[in-house]
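**Student:** Take this structure first; my questions come after.
The values are calculated or read from the model by the stated rules, or taken from the named source; none is laboratory data. In this text the structure is predicted, and so the values were computed from the model without any measurement. Ideal geometry is used to build each Cβ from the backbone, glycine not excepted, and the neighbour counts take in all protein chains shown.
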Amino acid sequence: MPKPVLIRELQAEDLSAIVDIEERTTGTARRAYWEERIKISEAIRPHWASLVAEVNNRVAGFVFGRAGEKEFGLPGSIAWVEIIGVDPAVRRQGVAAKLIEHFTEAAGNHGIEMVFTLVGKGDAEMAKFFGKHGFAQGEMVHFQKKVKG
């Protein structure tokens, strides 16, 4: 039986747990990157757009998002799911689903009617996940340009 999942706003104290989840998921720990993301989140993002999920009083997942208005020529207010991560030990237990559910509900409560995200072309698992939660491939096309670094 799945354990209860508590969703709450992200706090600076969640940094170590987020770094740990990323390291166990990708093999890379980017503490300085996440410190900056949390600072940005606290400074300019609406509080409802950066969330953590707790299972057994431990951070088990997180989502970073944002809200905007008339971006990319779109009418009205929109929200973006930018980053979502779940502890590999609790995957497939509804943690990501609860995060997305809470995020989209909060966006709607703030007058936002459309939520966007990006999924890699070959990432069938994430495409299936978002599709299962009411997302559909949109009409926007992303463009990219490789630059010398």
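**Student:** If a residue must be in a loop (DSSP other than H, G, I, E, B) and of a type outside the set (S, T, N, Q), how many such residues does region 119-149 contain?
**Tutor:** First, the residues of region 119-149 that are in a loop (DSSP other than H, G, I, E, B): 119-123, 133-149.
From the residues that got through so far, the ones that are of a type outside the set (S, T, N, Q) too are 119-123, 133-136, 138-143, 145-149.
Residues flagged as in a loop (DSSP other than H, G, I, E, B) and of a type outside the set (S, T, N, Q) within region 119-149 amount to 20.
**Student:** Does region 73-85 contain at least one residue that is over 17 Å from residue 135 (Cβ atoms), of a type outside the set (D, E, K, R) and assigned to a loop (DSSP other than H, G, I, E, B)?
**Tutor:** Within region 73-85, the subset over 17 Å from residue 135 (Cβ atoms) is 73, 75-77, 85.
The next check asks that each one be of a type outside the set (D, E, K, R); those that pass are 73, 75-77, 85.
Next, only the ones that are assigned to a loop (DSSP other than H, G, I, E, B) stay: 75-76.
Scanning region 73-85, I find at least one residue that is over 17 Å from residue 135 (Cβ atoms), of a type outside the set (D, E, K, R) and assigned to a loop (DSSP other than H, G, I, E, B), so the answer is yes.
**Student:** Being in a loop (DSSP other than H, G, I, E, B) and either touching a residue at least 60 places away in the same chain (Cβ under 8 Å) or under 19 Å from residue 106 (Cβ atoms) (or both) is the filter here; which residues of region 18-47 pass it?
**Tutor:** If the condition is that a residue be in a loop (DSSP other than H, G, I, E, B) and either touching a residue at least 60 places away in the same chain (Cβ under 8 Å) or under 19 Å from residue 106 (Cβ atoms) (or both), then 45, 46 are the ones that fit.
Here's the yes/no breakdown for (1) surrounded by fewer than 18 Cβ atoms within 10 Å (Cβ to Cβ); (2) within 24 Å of residue 34 (Cβ to Cβ); (3) of a type in the set (S, T, N, Q):
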{"residue": "67", "(1), (2), (3)": "no, yes, no"}
{"residue": "73", "(1), (2), (3)": "yes, no, no"}
{"residue": "76", "(1), (2), (3)": "yes, no, no"}
{"residue": "91", "(1), (2), (3)": "yes, yes, no"}
{"residue": "95", "(1), (2), (3)": "no, yes, no"}
{"residue": "108", "(1), (2), (3)": "yes, no, no"}
{"residue": "124", "(1), (2), (3)": "yes, no, no"}
{"residue": "139", "(1), (2), (3)": "yes, no, no"}
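**Student:** Kindly indicate whether residue 61 is closer than 30 Å to residue 138 by Cα, in contact (Cβ under 8 Å) with a residue 24 or more places away in the chain and either of a type in the set (Val, Ile, Thr) or in contact with a Ser or Thr (Cβ under 7 Å, 6 or more places away or on another chain) (or both). Show your work before the answer.
**Tutor:** Details: closer than 30 Å to residue 138 by Cα: yes; in contact (Cβ under 8 Å) with a residue 24 or more places away in the chain: yes; either of a type in the set (Val, Ile, Thr) or in contact with a Ser or Thr (Cβ under 7 Å, 6 or more places away or on another chain) (or both): no.
No, not satisfied.
**Student:** Out of 59, 63, 52, which single residue is on the phi < 0 side of the Ramachandran plot, modelled with pLDDT of 95 or more and touching a Lys or Arg at 6+ places or on another chain (Cβ under 7 Å)?
**Tutor:** Residue meeting the stated conditions: 52.
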